[in-house]
Amino acid sequence: MKCIYLVFTILLVSCNLETPITEKEQKEFAKMTQDWQLDVMQGAEKIDAILSKMDKDLKMWENDKIWTYELIEKFGPHLPKKKVIDVYNEQILLNRKLGYDFTTLVYISSITKDTMRETSSRIWKKDKNGWKVTNMSNLIKKEITN
């Protein structure tokens with residue numbers, strides 16, 4: 001159901017007939033999302049920067065659990081730093097006030113020392129206060145190695 005909502009939103013908005021997005025706007029959006037992801041990888045030491053880009057009405061799905069802004073804020077001081085091995089990301093600015101980003105991280109868990117893969121997709125909306133994540137989906141699992 002989550003994926004259907006995300007795909008439907010992207011398709012609906014991408015059909016919008018407004019002035020084309022400039023390369024500069026796309027690059028600025030990409031840089032902003034990448035900078036935010038760098039903060040997320042730093043964990044609790046960057047919790048204020050992380051929360052500043054999250055909408056207060058945020059809904060985040062992570063491994064079949066729904067997180068609210070308040071739960072993320074409460075857990076924030078315990079958010080571990082990630083020792084990232086590999087990262088892939090993509091950003092799509094759908095219009096001047098709506099964007100999407102996708103990130104896959106491979107990292108070493110500071111708790112279990114396992115190699116983990118975290119895949120995240122986010123919907124960003126821009127308002128008078130700047131860009132905020134409004135919807136987010138994360139899947140975190142142990143990487144299987146042969």
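Since every read-out is calculated from the coordinates, none of them should be taken as a lab result. Being a predicted model, the structure only gives us computed values, none of them experimental. Backbone-built Cβ (ideal geometry, glycine too); neighbour counts: all protein chains shown.
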Note on the stretch 100-124: residues more than 10 Å from the chain's Cα centre (by Cα), surrounded by 14 or more Cβ atoms within 10 Å (Cβ to Cβ) and among the charged types (D, E, K, R) are Arg117, Glu118
Residue under question is Lys81, and the condition is that it be without any contact (Cβ under 8 Å) to a residue 60 or more places away in the chain, of a type outside the set (A, V, I, L, M, F, W, C) and exposed (fewer than 15 other Cβ atoms within 10 Å of the Cβ); does it hold? yes
Could you list all residues from the stretch 34-60 that are within 12 Å of Met136 (Cα to Cα) and over 11 Å from the mean Cα position of the chain (by Cα)? Asp55, Asp57, Leu58, Lys59
Count of the stretch 95-121 residues which are in contact (Cβ under 8 Å) with a residue 40 or more places away in the chain and either under 16 Å from Gln26 (Cα atoms) or in a loop (DSSP other than H, G, I, E, B) (or both): 6
